[in-house]
Amino acid sequence: MKKILVTGGCGYIGSHTIVDLIESGFDVFSIDNFSNSSAVSLDQIEAITGKKIKNYEIDLRNQADLFDVIEGEGQVDGIIHFAALKAVGDSVFQPNLYYDNNLNGLLNILEAQKKYNIPYHIFSSSCSVYGNADELPVTESTPTKEAESPYARTKQICEDIIKDFTVAHQDFQFVTLRYFNPAGAHESGLMGESPINKAANLVPVITETAYGKRESMTIFGDDYDTRDGSCLRDYIHVMDLAHAHTLCLEFLLNKKSEKSIELFNVGTGSGVTVLEAIEAFEASTGKKLKYSIGPRREGDVIAVYANKNKAEELLGWHPTRDISTIMKTAWEWELKRNK
Ligand code: UDP
């Protein structure tokens, strides 16, 4: 059984990915400092898979703690590095925190790979690295533009750090996944997004508004150059995204990767505007949402959606859930988690 270190394993994408990894036969342990998650995720993973996962509550910026954990675990075959701060809007107001956390966390993980000879690393990047791309959909070779937020810039810099690392150290292989907009929840209703900090992403904001936790929600701008004036994104179901990581691990472990870094877009290939997302929620749940139009949010790109051909061809990855399933599962989770 291959042993995988998942950083950020109690967070939204991390916890859903652990479920998929366990179901695919991997031995997993997690490092998570609970900065935007809690140990409840471990119970949810156990409820779905029957397996209790160990989490070490340490901060990746503390290299000595990280080394202690890995030494205690013994042989580690690969790392999936999710742990990072991720709120675009927040990053505009706290840039130093984002740089410190996202860059130093990665640097220490790379040091650990060298010290303990951990050959494989799947890195969580973001479609925000494309900025306002000249052509849509974006492919992996679409040039990245100026980052629109400090968050996006941390992901661009992390990708560069990994590039430089592989030039200097050739025994390691990476897959960088550029996530589009993860949303939705596990179909069992036992797990979903449970942020500790106030939700800022569109889908949890929608479900919280529908539930009545918020009076109303704001659409950040309706005067963009898109088909209805609101921003356009590619919403990918979290379990489809989770499964991409399992396929990447198999791709690396089965020595199918010919490069030191392989890059993949992980999106559905369909763009959905904010207004369309709200319509999809209303249509699939029968709930009406209260919303108003507000000013643009600083740091937002206008429109981005994926060309997913490369992941389909090289990984055999095919997302199977659409925006309506995303909204349905997110809503079921909202109802469940408030019980
Ligand atoms: N959005 C919005 N109202 C909200 C939250 C998000 O209009 O309360 C918009 C946001 O401006 C962006 C889209 O929804 O156009 C997706 O934002 P999110 O924060 O979910 O993801 P991002 O693409 O920024 O990573």
Problem set entry | Candidate set from the range 317-339 (those that are in contact with a helix residue (DSSP H, G or I) (Cβ under 9 Å, 6 or more places away or on another chain), open to solvent by 40 Å² or more (accessible area, probe 1.4 Å) and not in a helix (DSSP H, G or I)); member that is nearest to residue 204 (Cα to Cα) | 338
Seminar exercise, completed: Log entry, pairs with first residue in the range 313-339 being modelled with pLDDT under 95, second being open to solvent by 20 Å² or more (accessible area, probe 1.4 Å) and in a helix (DSSP H, G or I), beta carbons closer than 9 Å, six or more apart or on different chains, reads 338/211
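For every residue, the table says whether it meets (1) more than 22 Å from residue 138 (Cα to Cα); (2) within 13 Å of the ligand (Cβ to nearest atom).
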| site | (1), (2) |
| --- | --- |
| 193 | yes, yes |
| 213 | yes, yes |
| 226 | no, yes |
| 248 | no, no |
| 266 | no, no |
For this session: Go over the candidates 297, 321 one by one and state the one that is within 14 Å of the ligand (Cβ to nearest atom), in contact with a strand residue (DSSP E or B) (Cβ under 6 Å, 6 or more places away or on another chain) and among the basic types (Lys, Arg).
Result: 297
For this session: Among the numbered conditions (1) within 18 Å of residue 11 (Cα to Cα); (2) in contact (Cβ under 8 Å) with a residue 40 or more places away in the chain; (3) within 8 Å of the ligand (Cβ to nearest atom), tell me where residue 205 comes up short.
Result: (2)
For this session: Check whether at least one residue in the range 73-88 is assigned to a helix (DSSP H, G or I) and either in contact with a Leu (Cβ under 8 Å, 6 or more places away or on another chain) or open to solvent by less than 20 Å² (accessible area, probe 1.4 Å) (or both), and report yes or no.
Result: yes
For this session: Give the residues of the range 95-141 that are over 24 Å from residue 59 (Cα atoms) and free of Cβ contacts under 8 Å to residues at least 60 places away in the same chain, sorted by residue number.
Result: 129, 134, 135, 141
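The values are calculated or read from the model by the stated rules, or taken from the named source; none is laboratory data. Computed from a predicted structure; not experimentally measured. Every residue, glycine as well, gets a Cβ built from its backbone with ideal geometry; the counts of neighbours run over all protein chains shown. SASA here: full protein model, heavy atoms, side chains in, ligands and nucleic acids out. Shrake-Rupley method; radii C 1.70, N 1.55, O 1.52, S 1.80 Å.
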